[in-house]
Structure formats: structure tokens, C-alpha cells
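A short worksheet on the structure shown next.
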Amino acid sequence: MKNQLKIIYSCSKCDAQFPKWSGRCTVCGAWSTIKEEVADSKKSVSPVKFNADELQNFSNVADEQVQRRKTTINELDQVLGGGIVPGSLILLGGEPGIGKSTIALQIFQSFEQFKQPTLYVSGEESAGQVKLRADRLGFKPQMMKFLGETQCEKIIAAISELKPSLAIIDSIQTIHSAEADGEAGNITQIRAVTVKLLEAAKKLGTPVILTGHVTKDGVVAGPKTLEHLVDVVLYLEGDKYHGYRILRTVKNRFGSTNEIGIFAMTDKGLQEVANPSKIFIEENKQNLSGSVVSCLIEGSRAFLLEVQALVSVTPFGYPQRKTAGYDGNRLQMLAAVINKRTNLNLTNQDIHLNIVGGIKTKDPALDLAVVSAIISSYKNIAVSKDTIILGEVGLGGEVRPVYNLEKRIKEAQKLGFTKAIVPKTKDLNVPSMQLSQIETISQLPLLG
């Protein structure tokens, strides 16, 4: 029986399909990219037979030990779960200028210890530009080879020939495949290139790191399927105008996704931050209203940070709620809770909230610190610098216990904090710490 033919219209840039022609793709917004195609609406499918011998019992499956290569960058090893796994495909995303190419060179520098060749593929920079950056980092490559190429097939051929211990491709948006349609960077190309590189990495046992730019929404530019194809997804975050960067795991087939690495950007590259608590509050020396110290937990690490709030009478008809590093919707909610559950009127007050150091967080354990900072700024009363404030705040104004409360308090205790305002909790064992356990925000000392 003849297959029935169906006319469809697809975008050559993003592969979106439409039932009729249009001058502009409504998905990616490109003009004059809609082309007519013929698609088979029915396909003859032969019956598939299944052999039951192909099934495996887990009791007969041998334990597989994942061999990792440790770098000399401890923060990176911690994020990856102990090191780089041979044959893995790793995606490193981040905003332009955040430090992706810098950390890539530092990874190459750490691989010099294995005395095996490594391969740096760049579709954005020349060998001279890469050497300038390496000189700035004090890196004199002995084993690193450079390839300025954007065709995927040639890159795979180079990896097959050289058999490097590590290959880094900067960036995935500049690479194209001769077997896929469209220009480099579109959905079809990125998907095709990633599949080919994944196959090559598994076949040759070479770990491959892909760098990728992120969009304004903070996700890697290109299809979301890119994250599903790779083994590990890392994001390098931070405000480029601040000196600190956070390396965060979004996906890791070989370890936990809870760990983070913290770096300081210097003229010698990204330097590991061994004690982030001390870094993020070291400049907190003046006793100012609207400034409160709390504790954030990322993975297995707890570190202190400063929450700042500024409350002022609004010159507009509708008060503004502005945040930097904190969820704006949660700030709106907490402002409404303060307005409803205390005697403070914030309906004509602008609220500006800042997490110091360029840190971004949605940890609900900071709720009580945010509330305290707002009240402190509103009443112009400073919170004691030896006090840490922790707790989640509900819509009823109740203060709820938070995850790893005791660990957070002990982290503060190490840095000389002697007082803590926390939720009312049983079996809280923190000797030599003066605890103020409260049940609602109306019991905050600032409202006394």
C-alpha cells in the first residue's frame, strides 16, 4: 500500500513544524525560514520479535567501579563527585565573561600531572588569544594541543587520532555538523553535534567538556534536550561585577547534585575559597540597621552570608519590591506577612533586598533573616553583630524549623557568634550559644 503523503512546513533554524506557511517562525522568531516539506503520514512497520534471554537480573550484574581522575582543583572535584570520569560528556554553562574559558584552562593545567596529551578546541578564539590567557594564569602548556575548528567531524577525527586524556570544546554553540541542516547554534545542529560527541567520548574513553552560553533565563542556549544527552551539567554562576563564582551541579550521573564549589576571581584565575563564611561576612564591620547575618546550606556545606534590606517611603502610588540574589515573589509574600501579622504598615514603603557577595539563593531558612532585616531598616534599629537569625516563615507569621538547624548554628559559632534567633525546636544541643527560640515573627526582639 502506498504511503500517504502529507505537506508540512518546518523552520530551518529551530525545526518547529506548522500546518501552513508563514513568513515568520512563531517559535524562534526568525524570518523567511519556513520551508515546505513532504512527510510520510503512515509507515509500514514489521512485527518485532523479542528474545527473553536479553533480560538481565540485577543479582547477576557485577558491581562497576567508576574510575575518576582527580584534578588539583579540590572544589571542582567535590562538585563532580570525586573527579572526572573517563568517557564522560560534561556541559559547563555560564554567562559570557563569567569565567568558563578561564576554568577550562585551569583544568588543562591540572591535567599536566598525568603527562598525557590534552586537546583544546575553540571555535571562538585563536591560538594567540588562548596563549595570552594562559600566560596571565601563569600556565605554560607542555601537553596541551590547540585546534581552531568548528566542524564536528574534524574534531572527532582529531580526538580519535590524538587520543587525549581530556578534550574541552569552547563553545558548543559554534560547532556544526556537515550531516545536519541549518547554521551553527540552532537546535538541530546542537543536538546533532552533542550526539556525535557523546558517541565519540564513550567509544574512545576520552572525557569531553563542552562550554555553553546561557540565556537571560539562566539556562544553556539551545534545546533542553542538550542537558538530557550529557552525563554532567555544571553551571558557573555569579555576578561578573563581584569577585565570587559558584560552580553548581544540575545533573550528575556519577555523583550527587547537591554539592557546590566556591571560587574567587583574581588576576591569576579562579582561586578556591576554603572558608566561604569568612569571605561573605568579612566586610560586615559596621553596625547598620537593615543588616542581618544568616546561614545558607548548599550540599554538605554551610556558610554564613549577610542579608541587607532598605525600607523607605515610596514616591510612587504603588510600592516597589526589588531584590538582588533573592526570589522576588518570596519577598512579596514576606512583606505581606509582616504587614498582616505585625503592627507595621508597609503598604506605602519601598523594599530593596540584597544578598551580599552576588550570591543567589531560594533557601527558605533565610525567611526570618529577611523579615528581621526589613523590620530593622523600617524601625532604624541595628541587629547585634554577634547574632545569627534562622527560620522559615509561614503565611500565618509562624516560624518553622529548618533543615540542618544545628549545623548552621555551629558554623556561626565557629566564627564567634554568641547569639541566635531560631524557631522553637526540641533537642537543640548547642552549648555556650545564647538561643532565643520563637514561634511567631511577632516575638522578634526588634518588635519588643
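The values are calculated or read from the model by the stated rules, or taken from the named source; none is laboratory data. Remember, it's a predicted structure, so these values are computed and weren't measured experimentally. With ideal geometry, Cβ positions are generated from the backbone for all residues, glycine too; neighbour counts draw on all protein chains shown.
Residues checked against (1) in a helix (DSSP H, G or I); (2) outside the structural domain of T102 (by TED's automatic domain parsing); (3) within 23 Å of T102 (Cβ to Cβ):
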| residue | (1), (2), (3) |
| --- | --- |
| K154 | yes, no, no |
| S165 | no, no, yes |
| A180 | no, no, no |
| T188 | yes, no, no |
| V195 | yes, no, no |
| G212 | no, no, yes |
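Go through (1) more than 25 Å from the chain's Cα centre (by Cα); (2) modelled with pLDDT of 90 or more one by one and return the number of the condition V370 breaks.
Of everything listed in (1) more than 25 Å from the chain's Cα centre (by Cα); (2) modelled with pLDDT of 90 or more, V370 misses just condition (1).
Would you mind telling me which numbered condition in (1) at pLDDT below 90; (2) of a type in the set (S, T, Y); (3) not in a loop (DSSP other than H, G, I, E, B) T257 fails?
T257 satisfies every listed condition except (3).
Would a scan of region 96-105 turn up a residue that is modelled with pLDDT under 95 and surrounded by fewer than 16 Cβ atoms within 10 Å (Cβ to Cβ)?
There is at least one residue in region 96-105 that is modelled with pLDDT under 95 and surrounded by fewer than 16 Cβ atoms within 10 Å (Cβ to Cβ).
Would you confirm, using the coordinates I've provided, whether A200 is closer than 21 Å to I98 by Cβ, of a type in the set (G, A, S), modelled with pLDDT of 90 or more and out of contact with any Gly (no Cβ under 7 Å at 6 or more places or on another chain)?
Spelling it out, it is not the case that A200 is closer than 21 Å to I98 by Cβ, of a type in the set (G, A, S), modelled with pLDDT of 90 or more and out of contact with any Gly (no Cβ under 7 Å at 6 or more places or on another chain).
Output yes when any residue across region 281-288 is in a strand (DSSP E or B) and either surrounded by fewer than 17 Cβ atoms within 10 Å (Cβ to Cβ) or out of contact with any Cys (no Cβ under 7 Å at 6 or more places or on another chain) (or both), and no when none is.
Looking for residues that are in a strand (DSSP E or B) and either surrounded by fewer than 17 Cβ atoms within 10 Å (Cβ to Cβ) or out of contact with any Cys (no Cβ under 7 Å at 6 or more places or on another chain) (or both), one finds none in region 281-288, hence no.
If we keep just the residues of region 402-448 that are touching a strand residue (DSSP E or B) at 6+ places or on another chain (Cβ under 7 Å), more than 16 Å from D386 (Cβ to Cβ) and among the basic types (K, R), which is surrounded by the most Cβ atoms within 10 Å (Cβ to Cβ)?
K424
Take the conditions touching a residue at least 60 places away in the same chain (Cβ under 8 Å) and in a loop (DSSP other than H, G, I, E, B) and apply them to L446. Does it pass?
no
Counting only residues that are closer than 20 Å to G299 by Cα, surrounded by fewer than 23 Cβ atoms within 10 Å (Cβ to Cβ) and in contact with a helix residue (DSSP H, G or I) (Cβ under 9 Å, 6 or more places away or on another chain), how many does region 74-89 have?
Residues that pass the stated criteria total 2.
Looking at region 43-55, is at least one residue over 21 Å from D181 (Cβ atoms) and at pLDDT 85 or above? Write out each step before concluding.
Initial filter on region 43-55 (over 21 Å from D181 (Cβ atoms)): 43-55.
Okay, now just the ones that are also at pLDDT 85 or above, so 55.
Scanning region 43-55, I find at least one residue that is over 21 Å from D181 (Cβ atoms) and at pLDDT 85 or above, so the answer is yes.
Output yes when any residue across region 102-115 is assigned by TED's automatic domain parsing to the domain that holds I169 and not in a helix (DSSP H, G or I), and no when none is.
yes
Which residues, taken from region 389-401, are among the small types (G, A, S) and in contact with a strand residue (DSSP E or B) (Cβ under 7 Å, 6 or more places away or on another chain)?
G391, G394, G397
Mind telling me which of the residues G148, G128, G123 ends up being without any contact (Cβ under 8 Å) to a residue 24 or more places away in the chain and not charged (D, E, K, R)? Walk me through it before giving the result.
On the way: G148 fails: without any contact (Cβ under 8 Å) to a residue 24 or more places away in the chain; G123 fails: without any contact (Cβ under 8 Å) to a residue 24 or more places away in the chain.
Going through G148, G128, G123 in turn, the sole match is G128.
In region 407-417, what residues are out of contact with any helix residue (DSSP H, G or I) (no Cβ under 9 Å at 6 or more places or on another chain) and closer than 21 Å to V371 by Cα?
I409
Of everything in region 338-358 that's under 15 Å from A309 (Cα atoms) and among the hydrophobic types (A, V, I, L, M, F, W, C), which residue is surrounded by the fewest Cβ atoms within 10 Å (Cβ to Cβ)?
V356
Just a yes or no: is a residue in region 303-322 closer than 26 Å to S256 by Cα, under 30 Å from the mean Cα position of the chain (by Cα), surrounded by 15 or more Cβ atoms within 10 Å (Cβ to Cβ) and not aliphatic (A, V, I, L, M)? Can you show your working first?
Within region 303-322, the first condition is being closer than 26 Å to S256 by Cα, and the residues that meet it are 303-305.
Next, only the ones that are under 30 Å from the mean Cα position of the chain (by Cα) stay: 303-305.
The next check asks that each one be surrounded by 15 or more Cβ atoms within 10 Å (Cβ to Cβ); those that pass are 303-305.
Among the residues that remain, those that are also not aliphatic (A, V, I, L, M) are: 303.
Scanning region 303-322 turns up at least one residue that is closer than 26 Å to S256 by Cα, under 30 Å from the mean Cα position of the chain (by Cα), surrounded by 15 or more Cβ atoms within 10 Å (Cβ to Cβ) and not aliphatic (A, V, I, L, M).
How many residues are touching a residue at least 24 places away in the same chain (Cβ under 8 Å), within 18 Å of S101 (Cβ to Cβ) and not aliphatic (A, V, I, L, M) if we restrict to region 249-267?
Matching residues across region 249-267 total 3.
Right, G128: among the small types (G, A, S) and either modelled with pLDDT of 95 or more or closer than 25 Å to L226 by Cβ (or both) or not?
Taking the combined requirement at face value, the residue does not satisfy it.
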